[in-house]
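Step one of this worksheet: look at the structure below.
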Amino acid sequence: MNLPAQTRPRFFAQRRLACFILLVLFFSGCAEVPLTERKSLSIVPHSDVVALGFQEYRQVLKKAKLSRDPEKVAMVRQVGKRIARAAEWFLRKEGMEEDLHYYHWEFNLIENDKVINAWCMPGGKIAVYTGILPVTRDENGLAVVLGHEVGHAIAHHGDERLSQNLLANFGGMALSVALAQRPQATRELAMAAFGMGANIGFLLPYSRIQESEADRIGLMLMAKAGYNPKGAVSLWMRMKQQGGKTPPALLSTHPAPSSRIADIRHYLPEAMALYRRSR
């Protein structure tokens, strides 16, 4: 790069400043994922992420049609409560007790047979769509999905993806400032980061690393809750069969290639040992 002599000092000073700011953001905004101990980017206070998640959850429920099938609703809440208790055990075991006060569990079944999806907000607000129940088939299959989604929340994947997208789209702008200056765009980024993007027309795929982390944590949660982790393999095989030209929303955000199922098989011995102890 050939720069005029008089502009070179200013250019290099600006570049050093930019590098310094990025380094500060990286080292001051690192979180650690449980089990894997991976360092993840987090420039948004978790309390702000949870508050935004709760707000968006309420908005979704206002527009959604909730299921009135008592048996299906009871099953979702029964499985959800068992996974929630396991999640609280997991947080204590991993030395993450400070996260417990963020969780205010809520489980709702949304009546929409065309949507094969479920998601968990940071803080434990969970929605399941009736379209996924024929794929999960029973409580054990549903436990695979809910354990996986709660695994994303425990690993703070929503925080990480929101942080990445604030950096990419708004230059690392604070969440409060982004909400004030660009509220609609920021809310859409947040919803997509939390796995709710199907409701607003676009999705942010989880990375392979995040998927593997959620799978591993989810297996541990369902095992602790008394559900057989071996059901995860058959569930994701059934989910994969739902693919095609228009794969379900859950596959759009949670790809299930053969390598993913192989990873689950790799984690099964660890989860099965916990399952046997928890029965």
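Return yes or no: is R161 within 12 Å of the chain's Cα centre (by Cα), within 24 Å of E37 (Cα to Cα) and modelled with pLDDT of 85 or more? It is true that R161 is within 12 Å of the chain's Cα centre (by Cα), within 24 Å of E37 (Cα to Cα) and modelled with pLDDT of 85 or more. The single condition among (1) aromatic (F, W, Y); (2) at pLDDT 90 or above; (3) touching a Ser or Thr at 6+ places or on another chain (Cβ under 9 Å) that F170 does not satisfy is (2). In the stretch 107-123, the residues that are free of Cβ contacts under 8 Å to residues at least 40 places away in the same chain reach residues that are charged (D, E, K, R) and part of a strand (DSSP E or B) with C-beta atoms within less than 9 angstrom, at least six apart or across chains, in these pairs: F107/K125. Screening R137 with (1) surrounded by 24 or more Cβ atoms within 10 Å (Cβ to Cβ); (2) more than 23 Å from S212 (Cβ to Cβ); (3) of a type in the set (K, R) gives one miss only, at (1). Scanning the stretch 94-137 for residues that are hydrophobic (A, V, I, L, M, F, W, C) and in a helix (DSSP H, G or I) returns L100, I132, L133, V135.
Restricting P70, P34, P122 to those that are touching a helix residue (DSSP H, G or I) at 6+ places or on another chain (Cβ under 8 Å) and either exposed (fewer than 15 other Cβ atoms within 10 Å of the Cβ) or within 21 Å of T186 (Cβ to Cβ) (or both) reduces the list to P122. Residues that are among the basic types (K, R) and either in contact with a Ser or Thr (Cβ under 8 Å, 6 or more places away or on another chain) or at pLDDT below 95 (or both) within the stretch 64-119 comprise K72, K114, listed in sequence order. Being of a type outside the set (K, R), closer than 23 Å to E88 by Cα and touching a Leu at 6+ places or on another chain (Cβ under 9 Å) holds for only one residue in N140, N165, N169, N117, and it is N140. I'd like to know if the stretch 240-257 contains one or more residues that are assigned to a helix (DSSP H, G or I), modelled with pLDDT of 80 or more and within 16 Å of N140 (Cα to Cα). No, the stretch 240-257 contains no residue that is assigned to a helix (DSSP H, G or I), modelled with pLDDT of 80 or more and within 16 Å of N140 (Cα to Cα).
The values are calculated or read from the model by the stated rules, or taken from the named source; none is laboratory data. All values derive from a computational prediction rather than experimental measurement. Cβ atoms come from the backbone with ideal geometry, glycine included; neighbour counts cover every protein chain shown.
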